Amino acid sequence: MKKHGLRLLLRIAGTVLLAAAAGCCFALRYYVPGLLCLAALTGCCRQLYRFQQRTAKDVQRLLDAIRYSEFNISFKSFTARGLAPELVPGMERAVALFNRKLQQKEADQTFYDMLLNRIDFGLLVTDGQDHITWINKAALDLFGPLRPRKLADLERFSPGLPDTLNRLTPGETKIIQAGREPSTRQMAVTALYFTVGGRKLKLTSFKNIQSVLDESESDAWRKLIRVLTHEIMNSLTPIISLSETFTEQHSENREMMSRAMQTIYRRSKGLVDFVNNYKKLTHIPQPVISRFSAGEWMSDIRRLLEAGGFEFGYRIEPEDLFMEADRGLMEQVLINLVRNACEASPPQQANVEVYIARNEHLRTLIRVTDHGEGILPEVMDKIFVPFFTTRSSGSGIGLSICRQIVLLHGGVITVQSEPEKGSCFQIVL
């Protein structure tokens, strides 16, 4: 680059000197030398112009190669056409660098395309105008012969699906029934937003969970049948036994008859109560969503529970937080959780706290924490099973109803617990 600058400087200096000499000759009336200097000046200006033009053209070739990603160009032969030899290595290195970067970019794109097309759930990316800018193979296979270009095209795959996807918020997971009869399937749909090149895009994922739900449903039926069988047999066995005894002996002992009838009554009533509890699980109303103050809601709940001898604290962030849910149903959930937490804590160690806030996805977060006896690991996966209880006085449907209500709100309830350290139930709506 120094040689190129030196050559340019010499040409400029020669031009200036010839211009000065021509001026002096004409001023002293040496016309012939002046004309010769003028001719030499013209030739020098022409050489300077051609020198700059050749350099500009070669630089333009480099820029065009970068612009159109044509990196098979070589500048070694350009020195014969005027390009300064010292510029060639720099241009060659620049071309080689861009070529390596382009190849790396193409390799990365091929890798990520292969990776995203290998996963077993569908992905599609939409822009602010609901145009589908990218879609993977799993999503194309899911939508069958349909090749959607806009979100509205998915209406042909499943009625109402575009509206459902538009209402989906980041971090939210919805279980939807997609497709048309008879090939409908249950799918878990999630979404997130990201920005690329100043464009705000939305990534939506579709996971077919029909097989998982079928397996979970079968497992739930097995557990329920096992519980139903256990409870019914516990009630019917003594009834049948007493009935057979009195049928065979024709006993006239009224006292014994009375005790037997009382036993039959208690077991029959227990069986009826059990069936009524089961009916409660299957008759939970659909939530009626409203907007209400979390602070007022918690004040009402605390008054109700304190009247029954249950004390707890609560914290809301921010204090003016508003919730959107079925106030009555969620009140039933929180009362159940707080009562369980208070009953699990010894009176001298009772320290139950309710915390309400927004999570990072702006969804309502509710935590009920206690420092009681905790839940044993071997029963952790059974606490939401209907009629399962570890307490002699429990019905085993409280947590099951809580879970049903939360699911009807499109939310999720989870629990973390350590024996002798306490439990934390968390709800995300």
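The table below gives the values:
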item	result
3J(HN,Hα) from dihedral phi, the stretch 112-119, Karplus parametrisation 6.51/-1.76/1.60, rounded to Hz, x for glycine, proline	5, 4, 5, 5, 6, 8, 8, 5
Violating pairs (Cα-Cα greater than 28 angstrom) within the set K101/K200; K101/K207; K101/K150; K105/K200	K101/K207; K101/K150
Amide H partners (placed H, <5 Å) of L201, local residues excluded	F194, T195, V196
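Laboratory data are not the source of any read-out in this text; all were calculated from the coordinates shown. Not measured: the values here are computed from a predicted model.
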